[in-house]
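The values are calculated or read from the model by the stated rules, or taken from the named source; none is laboratory data. None of the values given here were measured: they were computed from a predicted structure. Neighbour counts are summed over all protein chains in view; Cβ atoms, including those assigned to glycine, are modelled from backbone coordinates with ideal geometry.
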């Protein structure tokens with residue numbers, strides 16, 4: 001494929017679609033486009049419109065920042081400053097277009113390393129103190145213009161055949177659009193958490209001005225019924241991986257609050273001392289409440305004249321008839337308190353019960369050409385509104401206004417699969433600690449606003465989220481996602497931490513031992529394991545090094561390593577035969593590695609484009625990595641910059657070059673050159689000798705990967721050692 005810049009690029013003055021999204025006095029934000037059963041040029045036009053509208057609206061959100069400091073100071077300590085999120089959504093397009101094969105080269109490797117991976121707020125006390133050399137605002141604006149130009153050119157000129165499904169390269173573009181819509185919402189929450197003098201009102205982000213006292217909340221009978229969830233892979237609308245598969249359940253009769261819990265209804269809990277009474281808080285919630293020193297909802301402000309509410313860009317007198325916004329812990333505590341007050345079994349709904357509510361209320365998808373009959377999709381205001389403003393059958397706000405916390409930790413439906421170019425969207429949340437939110441908020445757009453949407457956050461997390469409660473005798477049931485069941489993940493968990501087979505020693509442990517032996521008397525301060533997979537070598541190296549960093553492109557892999565470091569154990573299933581599986585548990589303690597966990601950290605990253613702060617190492621281990629890189633030459637040309645003078649580089653690889661991972665012209669060896677065999681070892685010498693000298697002779701190290709009880713892969717990896725010249 002030729003460079004996209006020569007094939008698809010559009011003239012700068014044609015970047016806006018011909019039908020532009022500002023075609024009415026109050027335009028509707030484009031909905032998710034239908035991807036099948038329509039003329040291809042109509043689908044092309046709708047995707048183009050959705051792309052530009054999303055870019056415009058996202059950039060417009062940052063116009064609410066009042067000064068330069070607002071871009072560079074963190075709104076909360078657990079997340080990056082807003083300059084990161086301004087660049088991140090553009091970098092996401094470049095990363096996914098590369099993986100989809102729609103482009104061949106990066107636009108700006110430096111910015112794309114800085115903006116590649118965000119901070120996943122995994123724990124309320126996990127402070128991220130990393131310092132970055134952030135670019136200027138104008139540099140990021142210019143980068144966003146370049147990305148817009150790039151994607152616009154593809155959308156206008158690249159061939160398009162329908163339907164667009166998971167295998168279609170344009171899926172990457174739809175993924176980028178909806179990814180930016182997600183960050184439209186999460187960035188609006190960060191702006192709401194920013195210092196008030198760092199933000200300013202904006203005419204296109206005006207809040208609702210309706211306020212008063214709400215009607216009394218009452219219970220509505222919801223009859224028993226069934227729910228059938230999960231999208232087919234042939235569905236005609238874009239979706240995220242966790243929406244696909246199959247799930248059916250019978251839901252017993254229950255009662256649900258007619259309205260979302262309002263600020264006024266929640267006030268009774270606050271005034272009753274609910275934030276000081278440990279009876280209403282489980283262990284996790286109590287730990288968060290103590291850490292946060294919470295006395296009221298986060299966006300409530302106690303002022304001399306009375307309670308006020310922090311909106312995105314202003315503070316207003318408390319609108320008591322708006323929905324309260326809380327995290328899960330606060331919603332759960334309220335339900336336990338209300339249960340004690342009423343004598344009824346009050347709790348949050350399950351995901352299945354929420355879908356039963358939606359079915360009972362007759363909720364459908366947002367119409368494409370008229371404002372939503374809900375505070376949804378930015379069709380009305382840039383804030384919540386009264387809880388009795390939008391009726392849905394006998395209920396209010398079944399969808400819209402604020403997200404609704406559920407009792408259900410997210411889990412995979414039967415038939416779940418990860419998309420190959422975004423394997424870490426959902427799987428890191430299958431840990432029992434991320435609860436689903438349902439129903440969408442006023443700013444939820446695109447896939448977020450569809451009924452199939454399944455978004456989950458840590459229970460301490462703040463979103464535009466509140467809750468409604470249900471009264472039900474039966475407890476909410478939770479589907480298990482405790483064991484890692486993904487076949488590849490389970491294989492690598494066993495490969496790294498499981499049994500040895502046929503007398504072949506553990507491969508990561510063997511490589512770590514070889515590296516340590518070759519280090520000799522050289523300093524052993526910091527080591528980097530590139531392509532660390534599930535992380536066994538990191539723990540082995542930490543027996544000898546003060547600090548070990550593990551980096552892998554797959555967040556699923558490093559998620560298992562991080563789990564092992566944090567919890568000291570992992571659990572997974574292994575195929576035996578057919579549908580039969582065995583269950584495994586492995587611990588650091590049984591491997592003699594328990595004391596190493598505190599010296600190991602895991603990060604997601606691209607070995608060909610690492611962030612600049614990953615440098616100053618005494619050892620770099622690259623195991624079975626180079627023949628899986630899209631540009632191994634690029635990696636080898638710069639790896640010396642990450643090592644201290646005299647530092648050691650260990651490369652292990654079976655040299656199984658495949659075009660699906662590395663384009664043929666980027667192979668290091670395994671072909672004829674000038675009529676003679678040119679091996680990968682030849683290629684390594686040609687690329688590395690400018691900065692390295694070889695240490696010893698190459699050696700073969702075997703490894704065995706278990707596929708089933710009776711099927712194994714036996715492979716030889718060639719190990720070479722290289723010392724950086726002083």
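Checking residue 309 against (1) modelled with pLDDT under 95; (2) within 27 Å of residue 77 (Cβ to Cβ), only one condition comes out false. Which one?
(1)
Just to verify a result, which residue in region 198-230, among those that are outside any loop (DSSP other than H, G, I, E, B) and more than 30 Å from residue 309 (Cα to Cα), is nearest to the chain's Cα centre (by Cα)?
Checked region 198-230; the qualifying residue nearest to the chain's Cα centre (by Cα) is 229.
Please verify whether residue 452 is in contact with a strand residue (DSSP E or B) (Cβ under 6 Å, 6 or more places away or on another chain), modelled with pLDDT of 95 or more, surrounded by fewer than 19 Cβ atoms within 10 Å (Cβ to Cβ) and assigned to a loop (DSSP other than H, G, I, E, B), treating the condition exactly as stated.
When the stated conditions are applied, residue 452 passes them.
Here is a list: 416, 457. Which entry is part of a strand (DSSP E or B) and at pLDDT below 95? Explain how you work it out, then say what you get.
Working: 416 fails: part of a strand (DSSP E or B).
None of the others qualify; the one that does is 457.
Exactly one condition in (1) part of a strand (DSSP E or B); (2) surrounded by fewer than 20 Cβ atoms within 10 Å (Cβ to Cβ); (3) in contact with a helix residue (DSSP H, G or I) (Cβ under 7 Å, 6 or more places away or on another chain); (4) at pLDDT 90 or above is not met by residue 648; state its number.
Checking residue 648 against (1) part of a strand (DSSP E or B); (2) surrounded by fewer than 20 Cβ atoms within 10 Å (Cβ to Cβ); (3) in contact with a helix residue (DSSP H, G or I) (Cβ under 7 Å, 6 or more places away or on another chain); (4) at pLDDT 90 or above, the one that fails is (2).
Go through (1) over 25 Å from residue 420 (Cβ atoms); (2) surrounded by 21 or more Cβ atoms within 10 Å (Cβ to Cβ); (3) touching a helix residue (DSSP H, G or I) at 6+ places or on another chain (Cβ under 6 Å) one by one and return the number of the condition residue 92 breaks.
Result: residue 92 fails condition (1) only.
Select from region 572-598 the residues that are surrounded by 15 or more Cβ atoms within 10 Å (Cβ to Cβ) and closer than 12 Å to residue 490 by Cβ and write down the one among them that is modelled with the highest pLDDT.
Across region 572-598, the extreme among qualifying residues is 586.
Pairs only if they're at least six apart or on different chains, beta carbon under 9 angstrom, first in region 376-387 and not assigned by TED's automatic domain parsing to the domain that holds residue 441, second surrounded by 24 or more Cβ atoms within 10 Å (Cβ to Cβ); list them, first residue then second.
Qualifying pairs under 9 Å: none.
Could you check, for region 714-724, whether at least one of its residues is outside any strand (DSSP E or B) and in contact with a strand residue (DSSP E or B) (Cβ under 8 Å, 6 or more places away or on another chain)?
There is no residue in region 714-724 that is outside any strand (DSSP E or B) and in contact with a strand residue (DSSP E or B) (Cβ under 8 Å, 6 or more places away or on another chain).
In region 661-672, is there at least one residue being farther than 21 Å from residue 518 by Cβ, loosely packed, with under 15 Cβ neighbours inside 10 Å and over 33 Å from the mean Cα position of the chain (by Cα)?
Looking through region 661-672, at least one residue is farther than 21 Å from residue 518 by Cβ, loosely packed, with under 15 Cβ neighbours inside 10 Å and over 33 Å from the mean Cα position of the chain (by Cα).
Using the structure shown, decide if residue 233 is surrounded by fewer than 15 Cβ atoms within 10 Å (Cβ to Cβ) and not in a loop (DSSP other than H, G, I, E, B).
No, not satisfied.
Can you say whether residue 58 is in a helix (DSSP H, G or I), outside the structural domain of residue 421 (by TED's automatic domain parsing), within 22 Å of the chain's Cα centre (by Cα) and closer than 16 Å to residue 111 by Cβ, as far as the supplied structure shows?
Criteria not met by residue 58.
So which of 366, 399 ends up being part of a loop (DSSP other than H, G, I, E, B) and closer than 20 Å to residue 179 by Cα?
Details: 399 fails: closer than 20 Å to residue 179 by Cα.
Testing whether each residue is part of a loop (DSSP other than H, G, I, E, B) and closer than 20 Å to residue 179 by Cα leaves just 366.
Could you identify the single residue in 196, 190, 184 that is surrounded by fewer than 16 Cβ atoms within 10 Å (Cβ to Cβ), in contact (Cβ under 8 Å) with a residue 24 or more places away in the chain and not assigned by TED's automatic domain parsing to the domain that holds residue 262?
Sole residue among the options that is surrounded by fewer than 16 Cβ atoms within 10 Å (Cβ to Cβ), in contact (Cβ under 8 Å) with a residue 24 or more places away in the chain and not assigned by TED's automatic domain parsing to the domain that holds residue 262: 196.
Residue check, residue 173 against (1) at pLDDT 95 or above; (2) surrounded by fewer than 21 Cβ atoms within 10 Å (Cβ to Cβ), all met but one. Which one?
(2)
Residue by residue, here is whether (1) surrounded by 19 or more Cβ atoms within 10 Å (Cβ to Cβ); (2) out of contact with any strand residue (DSSP E or B) (no Cβ under 7 Å at 6 or more places or on another chain) holds:
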site: 225; (1), (2): no, no
site: 244; (1), (2): yes, no
site: 251; (1), (2): yes, no
site: 259; (1), (2): yes, no
site: 273; (1), (2): no, yes
site: 278; (1), (2): no, yes
site: 284; (1), (2): no, yes
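Would you confirm, using the coordinates I've provided, whether residue 70 is outside the structural domain of residue 611 (by TED's automatic domain parsing), touching a strand residue (DSSP E or B) at 6+ places or on another chain (Cβ under 9 Å) and surrounded by fewer than 19 Cβ atoms within 10 Å (Cβ to Cβ)?
Here the answer is no, as residue 70 does not meet what is asked.
From the list 415, 393, which residue is touching a helix residue (DSSP H, G or I) at 6+ places or on another chain (Cβ under 7 Å) and on the phi > 0 side of the Ramachandran plot? Step through it out loud before you land on a result.
Working: 415 fails: touching a helix residue (DSSP H, G or I) at 6+ places or on another chain (Cβ under 7 Å).
Just a single option satisfies the conditions, and that option is 393.
I'd like the full set of residues that are within 30 Å of residue 307 (Cβ to Cβ), in a helix (DSSP H, G or I) and out of contact with any helix residue (DSSP H, G or I) (no Cβ under 6 Å at 6 or more places or on another chain), limited to region 236-277.
263, 264, 265, 266, 267, 268, 270, 271
Only residues that are free of Cβ contacts under 8 Å to residues at least 40 places away in the same chain and either outside any helix (DSSP H, G or I) or under 19 Å from residue 587 (Cα atoms) (or both): list them for region 513-535, please.
Result: 520, 521.
With 294, 302 as the choices, which residue is modelled with pLDDT of 95 or more, in the same structural domain as residue 441 (by TED's automatic domain parsing) and either under 25 Å from residue 221 (Cα atoms) or buried (at least 16 other Cβ atoms within 10 Å of the Cβ) (or both)?
294
What's the number of the condition residue 687 fails, among (1) surrounded by 15 or more Cβ atoms within 10 Å (Cβ to Cβ); (2) out of contact with any strand residue (DSSP E or B) (no Cβ under 8 Å at 6 or more places or on another chain); (3) not in a helix (DSSP H, G or I)?
Every condition holds for residue 687 apart from (3).
For every residue, the table says whether it meets (1) more than 22 Å from the chain's Cα centre (by Cα); (2) crowded, with 16+ Cβ neighbours inside 10 Å; (3) assigned to a helix (DSSP H, G or I).
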residue	(1), (2), (3)
492	no, yes, yes
503	yes, no, no
511	yes, yes, yes
537	yes, yes, yes
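Which residues, taken from region 62-83, are within 21 Å of the chain's Cα centre (by Cα) and closer than 16 Å to residue 145 by Cα?
Correct list: 83 only.
Could you please let me know if residue 21 is at pLDDT 95 or above, over 19 Å from the mean Cα position of the chain (by Cα) and under 26 Å from residue 378 (Cα atoms)?
So residue 21 fails the test.
Inside region 310-339, can you point out the residues that are in contact (Cβ under 8 Å) with a residue 24 or more places away in the chain and part of a helix (DSSP H, G or I)?
328, 329, 330, 331, 332, 333, 334, 335, 336, 337, 338
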